[in-house]
Amino acid sequence: MADRHPARHAPSGWSRRLGPVAADTGRLTSGTMDETDRTGLRPPIRTCVGCRRTDSRSALLRVVAATAPDGSPVVVPDPARRAGGRGAWLHPRLECFEQAIRRRAFGRALRSSVPLDPAPVLAHLEEREQRPSEQENRKRV
Ligand SMILES: [Zn+2]
């Protein structure tokens, strides 16, 4: 019988599972691993997609991709950090927001192939700016 070939085709499906995840996440990885703070060994650190500086998770605003009621793709703030899916982290400052816009960081960090409208995040930040809580609220008046 000729069908007894020594070279078998190894099932390659299972080994590929590990591949795509680690492949091209690069330095954005730090912004997506929400489990790291469970270790309790170090404070959870995230990277701002605007200024690219790292900061403690509590100092950063989480944003996620979502779909607006009219069906258009948007970026929305997730202050409670409860939304599922991939998130990106941003200092809740207009400067960092604008930097993120300039380098199209939201789409990249959130793995969106379509342009995301960041208006909801901007609205969130502007609301914060108008209600200064702890600092510099007196200097402007
Ligand atoms: Zn920043």
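The values are calculated or read from the model by the stated rules, or taken from the named source; none is laboratory data. On a predicted model such as this, the values are computed, not experimentally measured, just so you know. Methodologically, a virtual Cβ is constructed for each residue, glycine included, from the backbone with ideal geometry; neighbour enumeration extends over all protein chains shown.
Results, tabulated for the structure shown:
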| item | result |
| --- | --- |
| Entirely in region 23-141, the strands (runs of 3 or more DSSP E) that have 1 or more residues that are acidic (Asp, Glu), within 16 Å of the ligand (Cβ to nearest atom) and modelled with pLDDT of 95 or more | 54-56 |
| Residue tally, condition among the charged types (D, E, K, R), within 19 Å of Glu129 (Cβ to Cβ) and either loosely packed, with under 14 Cβ neighbours inside 10 Å or in contact with a strand residue (DSSP E or B) (Cβ under 6 Å, 6 or more places away or on another chain) (or both), over region 78-97 | 2 |
| Residues (touching a Pro at 6+ places or on another chain (Cβ under 7 Å), of a type in the set (A, V, I, L, M, F, W, C) and within 18 Å of Ser112 (Cα to Cα)) located in region 61-99 | Val63, Ala65, Val74, Val75, Val76 |
| When residues of region 49-76 are limited to those that are more than 16 Å from Gly107 (Cβ to Cβ) and either among the small types (Gly, Ala, Ser) or crowded, with 21+ Cβ neighbours inside 10 Å (or both), the one farthest from the chain's Cα centre (by Cα) | Gly71 |
